[in-house]
Each structure stands twice: as structure tokens, then as C-alpha cells.
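Undergrad: I have a structure here, written as C-alpha cells, and I will follow up with some questions on it.
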Amino acid sequence: MLRKIGFERTSELVSALMEKGEVFAPVANSAGVNFQKIQEPGDVTLDFYNTLQSPKSVFFPQTDDMVRYRLTHEGTEAEEVPLDFEPRIVLGVRPCDVRSFEVMDRLFSGGGIVDPYWENRRKSTTIIGYAFDKVDPADFYSTFGIGAADPTGSDIFMVKGESAFLLKGITEKGEEVLGSIDLIEDASAKDKEYFEERLAGASLLETRTLATEGTAEKLEAVFENPYWVGAAAPCLNCGVCTFVCPTCHCFDIQDETLFGKGVRRRIWDSCMFTDFTLHTSGHNPRTKKSQRLRQRINHKFSYYVTNFDVISCVGCGRCIRSCPVHIDIVAVVEGAMALP
Amino acid sequence: MKRIEARLKEEAKRLLENGEVEVVLAYGKGYDDRHPMPYAAKTVTDTERIVFNEYCTHNMARYLMDYPPGTRIAIAVKGCDSRAVVVLLQEEKIKREDLVILGIPAAGMRDAKTDQPIDASTTCDMPNPVLYDILLGDEVTVPGTSPYKILEELEGMDGKDRWAFWSGELSRCIRCYACRNACPMCYCDPCFVDQAEPRWADKSPSLESNLMFHLTRFYHLAGRCIDCGECSRACPMNIPLHLFHKKVAKECEAMFDQAAGMSVDDKPAMVDFRVEDSDEILL
């Protein structure tokens with residue numbers, strides 16, 4: 001079914017969604033636009049190109065509490081934080097970010113050891129995807145066969161019309177949620193035509209592309225090449241790229257205690273940090289930033305391919321836009337691929 | 001700017017050709033004109049990629065510590081950047097004889113993120129380098145605005161409101177450490193925040209932990225921060241860190257009658273003990 005709601009009624013839509021579960025949606029603040037858990041329906045904005053950070057935090061938050069404990073003279077009292085089954089709706093996810101969930105699924109819940117935190121949240125979340133209506137020069141998601149108005153992976157897909165949002169149920173879960181919201185109307189035949197046109201016309205919105213044939217093997221082959229020293233020269237080794245990226249997933253587990261009470265929590269880590277590979281012996285196999293940059297590229301374009309058959313990148317362009325020294329991951333990969 | 005770019009390329013080429021330096025730290029082409037990148041030219045061919053335009057805001061002094069001691073380096077510096085070089089010289093992290101300082105009097109610099117002009121509100125506002133071997137352009141007239149004028153609003157706030165302001169700003173911090181890593185003076189290995197024993201601050205981005213990191217960093221830079229504003233420009237969450245750094249610098253200058261990074265004959269205020277030093281800090 002195709003339904004519609006006028007722009008001015010966005011907060012009403014959000015209110016209605018909030019009755020069905022926790023809503024995560026883009027909110028504007030002095031940082032820019034970012035996904036947040038919504039407290040006030042009026043906070044939501046759908047007027048943005050893409051968010052600063054990816055929506056991966058809906059399933060993989062920056063801090064994820066696992067065990068709460070108290071240290072006493074008699075010993076430690078600890079209890080596991082219960083797994084989260086709360087139904088959630090994430091609204092306004094661009095097609096490249098929708099694809100990123102599937103890329104991460106392969107690691108977190110694809111087989112072998114399943115991450116229950118990721119899996120449960122994925123199962124209980126309804127994804128409302130949101131078509132792009134223009135292209136930013138940093139983006140390169142066309143590389144991965146992701147369309148600007150690609151509904152694949154969304155439960156509901158949303159397109160911005162002239163004066164209203166058009167929403168289509170894609171999966172059964174999505175149809176159910178969409179059908180149960182009384183305040184939005186059914187779309188007209190004309191709307192349906194417009195929607196289909198937008199989806200079809202989106203192929204005209206192409207991003208630049210990166211040649212990805214054979215990256216896994218080539219990157220292994222050029223591992224020792226001094227190219228990486230030059231490529232990493234401007235890099236600050238901060239964690240901005242990893243923290244805005246939809247497919248970066250490295251994490252650390254820390255016990256944070258104060259005055260005898262604490263929490264064991266999973267927190268985002270970054271291969272860019274100097275202590276990422278620091279061993280307890282004091283040895284660090286990756287002391288140079290050229291090694292760390294090489295690692296990030298190889299993890300995404302080589303090792304992940306070998307392990308999971310897909311490149312761990314969706315071309316969203318965030319790392320390029322947010323990098324303080326303007327490193328372009330496309331240029332870095334192309335440079336490596338062009339090596340003899 | 002085009003003339004500065006041409007002179008920069010010329011000097012870089014000359015210095016590499018005659019072997020006077022091993023590397024030239026300057027700016028290079030990025031993915032478009034508005035996004036130049038820090039660039040290390042090591043060969044004469046490399047110098048072809050050197051650029052200079054109004055978006056070349058990066059403080060190249062940050063990269064001096066990336067090279068082993070004794071490396072002969074030519075470095076392109078604007079006003080504040082040159083002060084950072086002075087601090088590193090004061091702290092004996094580099095030797096004067098290993099450097100060829102290419103001074104760029106910079107006027108009309110712009111922030112690549114916002115395309116706004118950069119002025120005293122986000123930088124030290126000294127466009128002319130304080131130390132150089134070769135000046136690549138004519139000195140520019142100093143605008144004369146105090147770099148601390150921007151603090152008036154914050155200084156006028158009630159303590160409670162100021163706390164609310166900084167708590168609000170610092171709760172947006174995601175602990176990416178772009179600020180620390182962009183700073184030429186943050187070269188400590190290990191940084192206090194990366195230490196596990198003792199653990200000075202937790203790693204997760206809670207407000208308490210963020211405050212611990214930032215407040216400590218602000219104080220570690222007292223008397224050393226030269227107000228280039230790169231920390232705030234690097235921050236992906238637009239936290240105005242430069243405002244706090246400016247306040248600390250202002251207090252430090254008032255107390256010890258010395259601005260950071262102005263003369264190689266000085267030592268940073270917190271390092272240099274003089275009998276006549278102000279006791280205010282102890283009261």
C-alpha cells in the first residue's frame with residue numbers, strides 16, 4: 001500500500017510511531033543532523049542530506065551496558081543487563097545506510113557466534129528508508145549497486161514529494177505498521193505514479209564509482225608497498241572516520257567503576273587509536289600510522305571480503321566529509337589498486 | 001595566494017633539489033579546491049602537487065613530531081602555526097638547525113566546513129609568522145582585534161549558566177580525539193587518557209568522562225596553546241573548544257605576562273619558574 005502525509009504533519013506521524021515503540025530519527029543540533037532516540041515528536045527533521053553519524057547506533061550503540069556490579073568486602077555482586085526486546089522504529093534511513101545493516105548482519109548474526117544484542121535489536125526494529133533526491137560529490141554508493149531510491153532492506157520506504165511524504169510498505173512488518181497508523185491517508189493514483197517515477201528516475205542520480213574488482217587479492221599483494229606511508233602522511237589517527245562510518249564495528253569492553261559500583265560495557269573502539277593493538281606485554285604491532293591506515297582499508301576492502309563475501313563499505317561519504325584533513329577513501333583505494 | 005603558492009613550490013623544489021631538507025611539510029591537492037590536505041613532499045616531483053589557498057587552515061607544526069629527531073624538515077607556517085613551532089623549540093622537541101621555516105603571511109583564510117572567514121574569534125589572529133627563515137609574501141596588516149573579545153559573552157555569564165553551556169557542549173563529544181590529534185602540542189606518548197593504570201578517565205563518552213578528558217587537556221595546554229583553533233575545526237560535533245583554550249590562554253598571559261610561542265628564548269609559562277612569578281595560582 002502507498003500512503004501519504006503532508007510535511008507539516010511530520011511530528012504527528014512521529015507521535016503515532018512513538019506509540020508503537022522507541023523511535024530513532026534525525027534531529028538537528030549545533031553538530032548537524034544526527035539520529036537520536038526521540039523524546040519530543042517536534043524534534044525530528046527530515047530536511048537533510050545525510051546524518052553526521054550513521055544509524056548503526058540503533059543496533060550497536062557507542063556504549064552498551066552488559067553487566068552491572070558492586071564490589072563489596074564479601075565479594076562482587078553482579079547482574080546481567082537484560083537483553084533489549086523493545087520494539088523500535090528507525091525513521092529516515094538513506095538507502096546506503098539500509099544496506100550497511102545487511103553488511104553488518106554477516107558479522108554480528110550471520111553464523112557462528114551470534115551477537116544477541118545486535119540480533120535482538122535488528123529483529124525488533126522496523127526500518128523506514130528514505131530516498132535521496134540529490135547526490136553529494138563525496139558519495140560513491142553506486143559502486144555497490146545501491147540506488148538513490150532503493151527500497152531493498154527497508155520495511156517501509158519513504159519518498160519526499162512536492163508537499164507530502166509518500167510511504168510504501170515493503171515487507172510484511174512494514175505493511176502492518178503502515179496500515180495501523182490511522183492519521184495518514186492513502187495515496188492517490190497520481191501519487192502512486194509519482195512514487196514509481198521517483199524510484200525509476202533514481203537511476204539518473206548516480207554517484208561516482210570506485211573500481212572494486214579484485215580488491216581483496218590486490219590489497220594483500222601490495223601490503224609491504226611504501227605507498228601507505230605517503231597515503232597516511234596527512235592522517236591524524238583520530239577516530240572520526242570510524243565513528244561516523246556505518247560499517248566500522250570494532251569495539252572494546254571496559255569495566256567502569258566508581259566508588260565500588262560499576263558497569264561492564266561494550267564501547268566503540270577504533271583501529272586508528274594508537275593503543276588499539278597495544279599488547280599487555282607493551283609490544284604494539286602497529287606503531288606507525290601507515291600501518292593503521294593500511295589496516296582500515298584492508299579490513300574493509302580485503303579481509304571482510306575474504307570472510308564475508310562483501311566489502312565492508314557502502315559509499316556513504318561520511319568519512320570523507322568529516323575527516324579533519326579531508327582524506328578521500330576512494331583516492332586511497334584507487335592509489336593502492338594502481339600500484340604495480 | 002597564487003603568488004604564495006608559486007613561491008612555496010619554488011622554495012620546496014629548491015630545498016629538496018639541493019638536499020637541504022629531506023621533507024617539505026606544506027599543503028597538497030585534495031578532492032576539490034575547498035579541501036586541500038596536509039602534504040609531505042619528499043621529491044622534486046612531489047612539489048608539483050603543492051597548493052596554497054584560503055582553505056589551507058591545517059597547522060603543519062602538528063606533523064613535526066611524526067619524524068625521527070634529526071630529520072631536516074622545511075615547514076610552511078602561517079602566523080599561529082609559527083608560534084606552535086616556537087613552542088616545540090622551547091620544549092626542545094625539535095632543533096632550530098633541523099628546520100627551514102617558510103613563513104606565509106596569511107590573510108583571507110576561510111573555514112572549509114562553513115566557508116566563513118577565519119578571524120580573531122576562532123584563532124590567534126596573528127597573520128604574520130613570528131619566526132621564519134624565508135617569508136613567502138608581504139606581511140599583512142594586523143587587524144588589531146583582540147583574540148579574547150569573543151569570550152565576553154561567556155565571561156559575562158553566571159557560573160551556573162556557564163556550567164550549563166559547557167556541559168551541553170561537552171555532552172556532544174564522541175571521544176574521537178580529533179581535537180587532541182590535530183593539536184601540535186599534544187604529542188605525549190602515551191596521552192593520559194589512553195592510560196589504564198592509573199585510569200584517569202573512562203573511555204565511554206559520558207559527560208563526567210568527557211569533562212575529565214577535556215578539562216585536563218585544557219590545563220595541559222595552559223601556556224602552550226597558541227590559539228590556532230584547529231581543535232574546533234577538527235571536531236566533527238562542532239564543539240567550540242577554542243573558547244575554553246582562549247580563556248586559559250588569556251588567564252595565563254595575564255598572570256605570567258607572557259603569551260605562548262612568541263620567542264624561542266622563552267619557556268612555556270607552566271614550565272618556567274621565576275621568583276617573581278604571580279602567586280595567584282596558589283591562592
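The values are calculated or read from the model by the stated rules, or taken from the named source; none is laboratory data. Note that this is a predicted model, so its numbers are computed, not measured. Backbone-built Cβ (ideal geometry, glycine too); neighbour counts: all protein chains shown.
Undergrad: Is at least one residue of the stretch B:163-173 crowded, with 16+ Cβ neighbours inside 10 Å, closer than 20 Å to B:Cys225 by Cα and away from chain A (no Cβ under 11 Å)?
TA: yes
Undergrad: Right, another one. Which condition number in (1) surrounded by fewer than 18 Cβ atoms within 10 Å (Cβ to Cβ); (2) farther than 24 Å from B:Asn181 by Cα is the one that B:Phe256 fails?
TA: (1)
Undergrad: Let me ask something additional. Let me confirm something: among A:Phe35, A:Phe24, A:Phe101, A:Phe60, which residue is part of a loop (DSSP other than H, G, I, E, B) and crowded, with 17+ Cβ neighbours inside 10 Å?
TA: Going through A:Phe35, A:Phe24, A:Phe101, A:Phe60 in turn, just one is part of a loop (DSSP other than H, G, I, E, B) and crowded, with 17+ Cβ neighbours inside 10 Å: A:Phe60.
Undergrad: Looking at the stretch A:280-290 only, could you name the residues that are over 30 Å from A:Thr72 (Cα atoms) and not small (Gly, Ala, Ser)?
TA: Passing the criteria: A:His283, A:Asn284, A:Pro285, A:Arg286, A:Thr287, A:Lys288, A:Lys289.
Undergrad: Got a sec? Which of A:Arg266, A:Arg198 is surrounded by 16 or more Cβ atoms within 10 Å (Cβ to Cβ) and away from chain B (no Cβ under 14 Å)?
TA: It is A:Arg198.
Undergrad: Among (1) in a loop (DSSP other than H, G, I, E, B); (2) at pLDDT 95 or above, there is one condition A:Val90 misses while meeting the rest; what is its number?
TA: Failed condition: (1).
Undergrad: Would you check which residues across the stretch B:110-131 are surrounded by fewer than 19 Cβ atoms within 10 Å (Cβ to Cβ) and either of a type in the set (Val, Ile, Thr) or touching a strand residue (DSSP E or B) at 6+ places or on another chain (Cβ under 9 Å) (or both) and list them?
TA: B:Arg110, B:Asp111, B:Thr114, B:Gln116, B:Pro117, B:Leu131
Undergrad: Which one of these is within 17 Å of A:Ala231 (Cβ to Cβ), crowded, with 24+ Cβ neighbours inside 10 Å and at the interface with chain A (Cβ under 9 Å from one of its Cβ atoms): B:Tyr31, B:Tyr39, B:Tyr27?
TA: B:Tyr39
Undergrad: Return the pairs, sorted by first residue and then second, in which the second residue is surrounded by 15 or more Cβ atoms within 10 Å (Cβ to Cβ), the first residue lies in the stretch A:106-123 and is among the small types (Gly, Ala, Ser), the beta carbons are less than 6 Å apart, and the residues are 6+ apart or on different chains.
TA: Partner pairs satisfying both residue conditions: A:Ser109/A:Trp118; A:Ser109/A:Glu119.
Undergrad: In addition: Filter the stretch B:174-186 down to the residues that are touching a helix residue (DSSP H, G or I) at 6+ places or on another chain (Cβ under 7 Å) and part of a helix (DSSP H, G or I), then identify the one that is surrounded by the fewest Cβ atoms within 10 Å (Cβ to Cβ).
TA: B:Ala182
Undergrad: Can you spot a residue in the stretch A:313-329 that is under 21 Å from A:Lys218 (Cα atoms), in contact with a Phe, Trp or Tyr (Cβ under 8 Å, 6 or more places away or on another chain) and facing chain B (nearest Cβ under 9 Å)?
TA: yes
Undergrad: Starting from the stretch A:1-26, keep only residues that are small (Gly, Ala, Ser), then list their pairs with residues that are part of a helix (DSSP H, G or I) whose Cβ atoms are within a distance under 6 Å, requiring at least 6 positions of separation or different chains.
TA: So the pair list comes out as A:Ser11/A:Pro41; A:Ser11/A:Gly42; A:Ser15/A:Pro41.
Undergrad: Kindly establish whether A:Gly230 is within 14 Å of another protein chain (Cβ to nearest Cβ), without any contact (Cβ under 8 Å) to a residue 60 or more places away in the chain and not aliphatic (A, V, I, L, M).
TA: So A:Gly230 fits the description; yes.
Undergrad: Consider B:Ser263 carefully, then state whether it is surrounded by fewer than 16 Cβ atoms within 10 Å (Cβ to Cβ), more than 21 Å from B:Ser121 (Cβ to Cβ) and touching a helix residue (DSSP H, G or I) at 6+ places or on another chain (Cβ under 6 Å).
TA: For B:Ser263, the condition - surrounded by fewer than 16 Cβ atoms within 10 Å (Cβ to Cβ), more than 21 Å from B:Ser121 (Cβ to Cβ) and touching a helix residue (DSSP H, G or I) at 6+ places or on another chain (Cβ under 6 Å) - is not met.
Undergrad: Residues to consider are A:Phe108, A:Phe132; find the one that is touching a Lys or Arg at 6+ places or on another chain (Cβ under 7 Å) and outside the structural domain of A:Cys313 (by TED's automatic domain parsing).
TA: Answer to the check: A:Phe132.
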